[in-house]
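The values are calculated or read from the model by the stated rules, or taken from the named source; none is laboratory data. Computed from a prediction, not measured in an experiment: that's the story for all the values here. Positions of Cβ are generated from backbone atoms using ideal geometry, with glycine treated the same way; all protein chains shown enter the neighbour counts. Protein only, heavy atoms only, side chains kept; ligands, DNA and RNA dropped before computing areas. Shrake-Rupley method; radii C 1.70, N 1.55, O 1.52, S 1.80 Å.
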Amino acid sequence: AYFFLQVIYARRAFGVSPPKTSGPPEFEKIFRAQVNSSEYFPIFLALLWQAGLFFHQGLAAALGLLYLYARYCYFIGYRASPSERLTPIYFSSGVLWILLAASALGILHFFLSHYLRINILQLLTV
């Protein structure tokens, strides 16, 4: 919601009325940063939900906060200069990969323990 509000404020500040998506470069940076973040949000939510449900809620919540902070840094960096967005985007992508791995491991553990009665955690501790 913060990113959407920033676009609204930028529209007012730079006189870009909807449905226009182009205007001064300062507006376009803010608009693109918001659109880029919105494109990844469904992926983030799905992975966050699956990792929390199937792997560990605490880890998923911590990774979710890291991801949101990285996206905030991405937004601020993109607004300042498009080259400053690279480190936060790589970091947020890494968090998404960790969420994906946690989700996959959690789902694999669920199916193995539920359908095949194989408890991976017991096998790892032996």
Inset, instruction - Just give me the residues in segment 18-45 being under 27 Å from residue 108 (Cα atoms) and touching a residue at least 40 places away in the same chain (Cβ under 8 Å), in sequence order. - result: 40, 43, 44
Inset, instruction - Would you mind stating whether residue 71 is under 15 Å from the mean Cα position of the chain (by Cα), farther than 30 Å from residue 121 by Cα and assigned to a helix (DSSP H, G or I)? - result: yes
Inset, instruction - Please state which one of 63, 59, 53, 48 is in a helix (DSSP H, G or I), open to solvent by less than 50 Å² (accessible area, probe 1.4 Å), touching a residue at least 40 places away in the same chain (Cβ under 8 Å) and not acidic (Asp, Glu). - result: 48
Inset, instruction - Return the total of residues in segment 66-79 being under 20 Å from residue 10 (Cβ atoms) and open to solvent by 60 Å² or more (accessible area, probe 1.4 Å). - result: 2
Legend entry - Residue that is free of Cβ contacts under 8 Å to residues at least 12 places away in the same chain, under 30 Å from residue 112 (Cα atoms) and out of contact with any Phe, Trp or Tyr (no Cβ under 7 Å at 6 or more places or on another chain), where the choices are 15, 94: 94
Inset, instruction - Tell me, yes or no, whether segment 108-116 has at least one residue that is open to solvent by less than 30 Å² (accessible area, probe 1.4 Å), assigned to a helix (DSSP H, G or I) and either of a type outside the set (Ser, Thr, Tyr) or more than 30 Å from residue 10 (Cα to Cα) (or both). - result: no
Inset, instruction - Please tell me if residue 54 is over 13 Å from the mean Cα position of the chain (by Cα) and not basic (Lys, Arg). - result: yes
Legend entry - Conditions (1) under 24 Å from residue 81 (Cβ atoms); (2) touching a helix residue (DSSP H, G or I) at 6+ places or on another chain (Cβ under 8 Å); (3) open to solvent by 70 Å² or more (accessible area, probe 1.4 Å); number of the one not met by residue 6: (3)
